[in-house]
1. Taking amide H positions as placed 1.01 Å from N in the peptide plane, with prolines and chain starts having none, which residues 5 or more places from D130, or on another chain, fall under 5 Å of its amide H?
2. Among 153-160, 180-187, how do they line up from the highest to the lowest mean number of other beta-carbon atoms within 10 Å?
3. From the backbone phi of the range 92-103, what are the Karplus-calculated ³J(HN,Hα) couplings (6.51 cos²θ - 1.76 cosθ + 1.60, θ = phi - 60°) in whole Hz, Gly and Pro given as x?
4. Spelling out what I want: for every residue of the range 164-179, take phi, set θ = phi - 60°, compute 6.51 cos²θ - 1.76 cosθ + 1.60 (Karplus), and round to whole Hz; glycine and proline get x.
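Read-outs: derived from the displayed coordinates by stated rules, not from any lab. This one's a predicted model, so the numbers in the text were calculated from it and none came from an experiment. No Cβ is skipped: glycine too gets one built from the backbone with ideal geometry, and neighbour counts run over all protein chains shown.
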Amino acid sequence: MGRGPDAPPAGRPTAAASSGPTAVPTGAGASTATPTADPSATATVPEGYRLVHDDKGFTLAVPDGWRRDVRSTGVFYTSPDTRSLLQVFQITEPDLTPRQALEQASQGLSGNPGYQELGIAPRRGPGGTDGAVLTYAYDSDRLGLRVQAVDCAFAVPDGRQFAVLVLGPESDWPRQETIQRIALESFGPSA
């Protein structure tokens, strides 16, 4: 997924992703990520998902078989057919609220073919923190089909802000919402 009309879904012009060493998550395959003790570690993970303790500062549940990749715009977990993804990154701009981050994302994504913002609204983040959710769709040049995404930005108790985005074929909707709900229910920040 390169820049251009089919840019990475949350490649926010002003919501930069944090950087650091890469690791393979716990679950299927070898792991170099360090498990951390956090409240989500005891989360009940539904069948078909695995809990990962990512060295980028979070824990969450991802679908089984999805492969981890680190890019400049965050950590991506991609389905085996590469048609769906889950993206997580830290919002690092000072004084930017979750809603403002999503408004900027929508502006940045508006150049994608057929872009349509389907809604932006307040939404509680993990642990009841303040957040917002953006739902949108566009015609993916890379995939050759229309995709739909749901992006939730939220603050965590230590003041950091994260975004969890799930994107997939529009014909799969609302599967993206289910994957995101499970990811957010199991989400926990780590050091």
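1. G125, A155
2. Peptide ranking by packing, descending: 180-187, 153-160.
3. Running phi through 6.51 cos²θ - 1.76 cosθ + 1.60 with θ = phi - 60° gives 10, 6, x, 6, 9, 6, x, 5, 4, 4, 6, 4 Hz.
4. 10, 10, 10, 10, x, x, 4, 5, 8, 4, x, 3, 4, 5, 5, 4
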